[in-house]
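Asks: My questions will all concern the structure given below.
The values are calculated or read from the model by the stated rules, or taken from the named source; none is laboratory data. On a predicted model such as this, the values are computed, not experimentally measured, just so you know. We place every Cβ from the backbone using ideal geometry, glycine too, and count neighbours over all the protein chains shown.
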Amino acid sequence: MHTGVITEQATGFPGYDNLIGKDTVTIGEILKDNGYATAWFGKEHNTPLWEATAAGPFERWPVGYGFQYFYGFLGGDASQWEPNLFRNTTPIQPYVGRPGWNLITAMADDAIRYMKELKDIAPDKPFFVYYAPGATHAPHHPTPEWIARFKGKFDMGWNALREQSFANQKKLGVIPQNAQLTPWPDNLPKWETLSAEQKKLYTRQAEVYGAFLAYTDSEIGRVVQAVQDMGKLDNTLVIYISGDNGASPEGTLDGTPNEIASLNGVTIPVADQMKYYDEWGSDKTYPHMSVGWAWAFDTPFQWTKQVASHFGGTRQGMVMSWPSHIKDMGGIRSQFSHVIDIVPTILEACGIAQPQVVEGVAQKPIEGVSMAYTWDKASANTATKHTTQYFEMFGSRAIYHDGWIAAAPPPVSPWEMGRQSPPPDAYKWELYNVNNDWTENDDLAQKEPDRLKDLQNVFASEASKYNVFPLDNDTLGRLLSPRPSPADGRNVFTYSGEVANVSWGAAPSLLDQSYTITAEIEVPEGGVEGVLVTQGGHFGGYGFYLLKGRPVFTWSQVDLTTVRWEGPGALSPGRHLLAFDFKYDGGGLGKGGHGVLRIDGMNVDSKHMDKSVPFLLAFDEAFNVGLDTGTAVDPEDYEVPFRFTGKLNKLTIELKGPPLSKEMLEMEQQQQKKNGAAQ
């Protein structure tokens, strides 16, 4: 009811404000109140950006949602090598000093430890574990051993892979024998049209993606094996959904060694990407794959993630296991179900009714239908009990009702949406009978206009009921919309000592404006080094630090280039005033500007930066004073945490404008539309 869009694009409308209320308590809260131990591992993408700091509040963190233990990261994605990681509400950096550490393995280890400890202390206590790895969301970060296993596995290319996958799906019986393979889109290149260099790069992207999925699946297997080793698997309900909605198009047509670049509208040429070929998937990349692979991995359907209209963007395979209750091992079920059916399924399995009141607050009804009716072998052909379901994202939308689906795909592909956002009424509706046309291949809109109109009315009714309106496909405007923040209304920010792990939604933003940073420090005898202030990291961010006593200010651009200002030598012992002053050129987003580094009032380095980061820094990282977390802004200079070894008396950030305005945003959008039309 409140999370119709990700937290990074939350708006003030009730369906999109990202503020889950006390009238909609989570499955964690319900089970905790009924005697279960509850734990959450991995991704947590529900906490509002402006609350994802040490200042809290923590009501919308996992520990406030009824989960007694949390080990994971907040936000849409994270590096698996150097994540912005929390235990409960405390930031931790277990990767420091441990080369080869990876979150996919670490969270499996922590989940196993948690369950074993619980068994030893309270062997009869039931438990609920919500386990949400970063895979296969970008960045794709498997270990080198897993990447090696996939060498050559995708040499056939995405079109041939699609044909192979389709044949295998029919052979396995996971799709109907009469299912049709949907056509390859005209705006994606076919494999045979690519250059040798493109094929080499794109194949590497798929190898790393496949390795990431298999690596994650293997680590999940270790967690399930631990439950079996404890003698509890027979009476444990396991619900396993693997994937990232549909496969993601956010890597753009060419893929990218840095997902943050594509999210800022920056495309890195194939020739430049090849520099990272051997490092693809390592901590030196934040990689994503080409859209061609995303479309192929969504076989047999059309479209990808970010498109709510078609199953290519929404459908996932699911496995349920409960050996003491589900006897049809390996049975296949085709009843229409939705992710909102999982909570009712768990509650029915546990014999727990939805609470009507929690802590004095009346609860909204849980939508969805328990899937327990599908468990018996005789239920294989039972009619679905989930008869109506709406879908919507960024304006694309659909309505499923009684075996039919009306679908309005985006008139502009999601990998092109940054250039132009069509009006919500420009979406052309399609119509499919998914009982007979399982892959949404045969559009019946022209043949059955009355049925299409009826389904559009059903969508309007459901959308009104669940706060889907107003439809909003302005992804750029949403990203830059003002939201509550501790930084709201402030132009001057002052810090003393260490401040760590402030999310980008609660930190001062240096983007698209002029600013000055000053640091009043004391250098001890013997010299000084360490971070004064940083935000983001190697994949998009800035850092002001001392390197062997020499002041340095570095901007790491999202195309993985850097711009650097530095002093002439090490500072002498005693008090010093350091400053970095940046005057923004203006005229739109992501423009350049002139930076000056000063020591005790004297200019020591001055240069122009031709471009800047337009929209967002690496959002899996944090704003820090006195140390660094996540990745170093320049890994050649230092390793995190690189604490400041002198005394930081005061650090001040002064924002001088022009602040990002509505007029500035509209000007940028108009220019993007012109660029899109020209292309």
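Asks: Which one of these does Gly56 not meet: (1) modelled with pLDDT of 95 or more; (2) farther than 24 Å from Pro635 by Cα?
Replies: Only one criterion is unmet by Gly56, namely (1).
Asks: Quick test for you: out of Phe642, Phe623, pick the one residue that is closer than 18 Å to Leu85 by Cα, assigned by TED's automatic domain parsing to the domain that holds Glu520, modelled with pLDDT of 95 or more and surrounded by 24 or more Cβ atoms within 10 Å (Cβ to Cβ).
Replies: Numbers: Phe642 fails: surrounded by 24 or more Cβ atoms within 10 Å (Cβ to Cβ).
Of the residues listed, the single one that is closer than 18 Å to Leu85 by Cα, assigned by TED's automatic domain parsing to the domain that holds Glu520, modelled with pLDDT of 95 or more and surrounded by 24 or more Cβ atoms within 10 Å (Cβ to Cβ) is Phe623.
Asks: Right, here's the next one. Check Trp295 against each of (1) within 13 Å of Gln205 (Cα to Cα); (2) crowded, with 23+ Cβ neighbours inside 10 Å and name the one condition it does not meet.
Replies: Looking at each condition in turn, Trp295 falls short on (1).
Asks: Okay, moving on. So, in region 32-63, exactly how many residues are crowded, with 19+ Cβ neighbours inside 10 Å and of a type in the set (A, V, I, L, M, F, W, C)?
Replies: Within region 32-63, residues that are crowded, with 19+ Cβ neighbours inside 10 Å and of a type in the set (A, V, I, L, M, F, W, C) number 8.
Asks: Which residue pairs have Cβ atoms closer than 6 Å, lie 6 or more positions apart in sequence or on different chains, and pair a first residue in region 583-594 that is surrounded by fewer than 16 Cβ atoms within 10 Å (Cβ to Cβ) with a second residue that is not in a strand (DSSP E or B) and not charged (D, E, K, R)?
Replies: Asp585/Gly592
Asks: Okay, moving on. Output the residues belonging to region 427-476 that are of a type in the set (S, T, N, Q) and out of contact with any Ser or Thr (no Cβ under 6 Å at 6 or more places or on another chain).
Replies: Asn433, Asn435, Asn436, Gln446, Gln456, Asn457, Ser461, Ser464, Asn467, Thr475
Asks: Exactly one of (1) at pLDDT 95 or above; (2) loosely packed, with under 13 Cβ neighbours inside 10 Å; (3) out of contact with any Asp or Glu (no Cβ under 8 Å at 6 or more places or on another chain) is unmet by Gln670. Its number?
Replies: Unmet for Gln670, out of (1) at pLDDT 95 or above; (2) loosely packed, with under 13 Cβ neighbours inside 10 Å; (3) out of contact with any Asp or Glu (no Cβ under 8 Å at 6 or more places or on another chain): (1).
Asks: Are there any pairs with C-beta distances below 9 angstrom linking a residue in region 257-279 that is on the phi > 0 side of the Ramachandran plot and among the small types (Gly, Ala, Ser) to a residue that is surrounded by 14 or more Cβ atoms within 10 Å (Cβ to Cβ) and assigned to a helix (DSSP H, G or I), with the two at least 6 apart or on different chains, and if so which?
Replies: Matching pairs, first to second residue: Gly265/Leu476; Gly265/Gln672.
Asks: Can you tell me which residue within region 372-431, out of those that are assigned to a helix (DSSP H, G or I) and of a type in the set (Gly, Ala, Ser), is surrounded by the fewest Cβ atoms within 10 Å (Cβ to Cβ)?
Replies: So, considering only residues that are assigned to a helix (DSSP H, G or I) and of a type in the set (Gly, Ala, Ser), the one surrounded by the fewest Cβ atoms within 10 Å (Cβ to Cβ) is Ala378.
Asks: Here is a further query. Right, Glu448: farther than 30 Å from Leu237 by Cα and buried (at least 17 other Cβ atoms within 10 Å of the Cβ) or not? Step through it out loud before you land on a result.
Replies: Numbers: farther than 30 Å from Leu237 by Cα: yes; buried (at least 17 other Cβ atoms within 10 Å of the Cβ): no.
It is false that Glu448 is farther than 30 Å from Leu237 by Cα and buried (at least 17 other Cβ atoms within 10 Å of the Cβ).
Asks: Please state which one of Asn84, Asn88, Asn18, Asn102 is crowded, with 18+ Cβ neighbours inside 10 Å, on the phi > 0 side of the Ramachandran plot and touching a residue at least 12 places away in the same chain (Cβ under 8 Å).
Replies: Going through Asn84, Asn88, Asn18, Asn102 in turn, just one is crowded, with 18+ Cβ neighbours inside 10 Å, on the phi > 0 side of the Ramachandran plot and touching a residue at least 12 places away in the same chain (Cβ under 8 Å): Asn18.
Asks: Here is a list: Pro133, Pro144. Which entry is under 30 Å from Lys232 (Cβ atoms) and under 28 Å from the mean Cα position of the chain (by Cα)?
Replies: Pro133 is the lone residue from the list that is under 30 Å from Lys232 (Cβ atoms) and under 28 Å from the mean Cα position of the chain (by Cα).
Asks: Please return the ranges of helices (runs of 4 or more DSSP H) entirely within region 173-284 where 1 or more residues are within 20 Å of the chain's Cα centre (by Cα).
Replies: Answer list for region 173-284: 196-229, 259-263.
Asks: Turning to a different aspect of this structure: List every residue pair whose Cβ atoms sit under 9 Å apart, with the two residues 6 or more apart in sequence or on different chains, where the first one lies in region 166-190 and is among the charged types (D, E, K, R) and the second, anywhere, is exposed (fewer than 11 other Cβ atoms within 10 Å of the Cβ) and assigned to a loop (DSSP other than H, G, I, E, B).
Replies: Lys170/Gln177
Asks: With Asp605, Asp634, Asp628 as the choices, which residue is modelled with pLDDT of 95 or more and not in a loop (DSSP other than H, G, I, E, B)?
Replies: Asp605
Asks: Taking region 469-500, which residues are out of contact with any Gly (no Cβ under 9 Å at 6 or more places or on another chain) and either hydrophobic (A, V, I, L, M, F, W, C) or assigned to a strand (DSSP E or B) (or both)?
Replies: Leu479, Leu480, Val492, Phe493, Thr494
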